């Protein structure tokens, strides 16, 4: 908890210093980092000033860290400054176990194409449509591993684009 407090103090100070520049401070929780579990995200958000510190939720990192991306989006909606979208295997849907290790990631890539089923992007997209959202949504695409049958970068881009346009009905990309 001391680490989270120190990070919160630093983010609050940074937010104060750059507030007049129109730049938003928005940490990106990440597995294998100091803020990876849902309780750490919640603690960080509780310790930071909502007018100074925002959030960049990454759907797969929240999921793989044992959190619920839909809950995080709903709870901190007014503090979301940017969004990173990626998925994980369907077996990680609702996952609350320990964070997968980096060794596990080297054995089999943890991050998957949108629509793989680990993250409920449909509900998050509906939330975005209903509530309105004016900042960036970034498709966070990891390089493919041909030995895992993932194809080329171009093929992965097309798979993700199809999910966005055909499943989520995103009108413009």
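The values are calculated or read from the model by the stated rules, or taken from the named source; none is laboratory data. All values reported here derive from a predicted model rather than from experimental measurement. Methodologically, a virtual Cβ is constructed for each residue, glycine included, from the backbone with ideal geometry; neighbour enumeration extends over all protein chains shown.
On the stretch given as segment 67-120, residues that are modelled with pLDDT under 95, part of a helix (DSSP H, G or I) and within 24 Å of residue 169 (Cβ to Cβ) total 1.
Return only the number of the condition from (1) within 15 Å of the chain's Cα centre (by Cα); (2) over 18 Å from residue 100 (Cβ atoms); (3) assigned to a loop (DSSP other than H, G, I, E, B) that residue 23 does not satisfy. Of the numbered conditions (1) within 15 Å of the chain's Cα centre (by Cα); (2) over 18 Å from residue 100 (Cβ atoms); (3) assigned to a loop (DSSP other than H, G, I, E, B), the odd one out for residue 23 is (1). Of all residues in segment 121-145, those that are in a helix (DSSP H, G or I) and over 22 Å from residue 92 (Cα atoms) total 4. On the stretch given as segment 134-156, residues that are modelled with pLDDT of 90 or more, touching a strand residue (DSSP E or B) at 6+ places or on another chain (Cβ under 8 Å) and surrounded by 14 or more Cβ atoms within 10 Å (Cβ to Cβ) total 2.
Within segment 49-63, not a single residue is touching a residue at least 60 places away in the same chain (Cβ under 8 Å) and surrounded by fewer than 17 Cβ atoms within 10 Å (Cβ to Cβ).
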